Amino acid sequence: MTHLIQTRRSLLKTGAAAATVGATTGLLTPARAAGLAPTPTMRGGANNYRAGAPIVERIGGGGFQMTGTVRRAGDGIPLKGIRIQMWAHTTEGHERDQRSHGATLTDANGIFRMDMPQIVPAFGQPHGHLAYDAEYDGNGFETVFLRPIMNSASDTSLDVDFVLLPA
């Protein structure tokens, strides 16, 4: 029994010493405590993508809100001035139509918004397309294409978050 207590005490002392050393050297920091994983590209996200869609105030007549945030992977800092492109099959056009595409920039809080026509089901699912295309944005992050599916065709908004990985 004495041997067991001494072993526990030894372990506690050794562990405390290691924790003290680790705290001063940074060796025992939590694994990516502030780490925010990057958003992966989704299958089908680039379908009907039109490179370089113009920055616009709205797509078509509006009525549907596409919103979201853009943050940097790792530390989660909101990113200002990031170009996000959106397109969808809507009440005013197919997702391959030029008039169904537009881009916007994030504000100081990394938030983007786009008013567009109501999204309607294509291939049986109501969904939007969003892209951060590094080729058209000089901020140094990797390209990401998303294809989020809405809960219902009657939804009037879709909120999508990007976490971008530095290239």
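For the range 64-164, give the magnitude of the charge dipole about the Cα centre (Cβ charges: +1 Lys/Arg, -1 Asp/Glu; no others), in debye to the nearest 20.
Dipole magnitude for the range 64-164 comes out near 40 debye.
Collect residues whose amide H, placed 1.01 Å from N in the peptide plane, falls under 5 Å from the amide H of Leu36; neighbours closer than 5 in sequence don't count.
Gly74, Asp75, Gly76
Tell me, what HN-Hα J-couplings in whole Hz come from the Karplus equation 6.51 cos²θ - 1.76 cosθ + 1.60 at θ = phi - 60° for each residue of the range 142-150, using x for Gly and Pro?
7, 5, 9, 10, 10, 9, x, 9, 6
Restricting to Cα pairs below 8 Å that are 6+ residues apart, what does the relative contact order work out to for the range 64-164? Please round to a whole percent.
In percent, rounded to a whole number, it is 35.
Need one number: % antiparallel among DSSP beta bridges in the range 64-164, to the nearest 5.
Roughly 75 percent of the DSSP beta bridges within the range 64-164 come out antiparallel.
Give, in nm to one decimal, the length gained when the segment between Thr41 and Asp159 is fully stretched (0.36 nm per residue of separation minus the Cα-Cα distance).
This chain segment gains 40.8 nm when fully extended.
Pull up all non-local amide H partners of Val120: gap of 5 or more, or a different chain, and H-to-H distance under 5 Å with H placed in the peptide plane.
Result for Val120 returns His89, Thr90, Thr91.
Where in the range 133-167 does the amide nitrogen come within less than 12 Å of the point 7 Å from the Cα of Ala122, taken along Cα to Cβ?
147-148
For Gly68, enumerate residues with amide H under 5 Å from its amide H, sequence gap 5+ or separate chain, H modeled in the peptide plane.
So Gly68 has HN proximity to Phe112, Val160.
Which ³J(HN,Hα) values, rounded to whole Hz and listed in residue order, are derived for the range 72-77 from phi using the Karplus coefficients 6.51, -1.76 and 1.60 in 6.51 cos²θ - 1.76 cosθ + 1.60 with θ = phi - 60°, glycine and proline given as x?
Along the range 72-77, the couplings run 7, 4, x, 9, x, 5 Hz.
Test of understanding: what is the full-extension gain from Asn151 to Gln65, defined as 0.36 nm times their sequence separation minus their Cα-Cα distance?
Between Asn151 and Gln65, full extension yields 29.5 nm more.
Tabulate in residue order the Karplus-calculated ³J(HN,Hα) for the range 157-167, using 6.51 cos²θ - 1.76 cosθ + 1.60 with θ = phi - 60°, rounded to whole Hz; enter x for Gly and Pro.
Going residue by residue, I get 7, 9, 10, 9, 10, 10, 10, 9, 9, x, 6 Hz, with x marking Gly and Pro.
Every number here is computed from the coordinates shown, using simple stated rules; none is lab data. Everything numeric in this text was worked out from a predicted model, so none of it was measured. In this analysis, Cβ positions are derived from the backbone assuming ideal geometry, glycine residues included, and neighbour counts consider all displayed protein chains.
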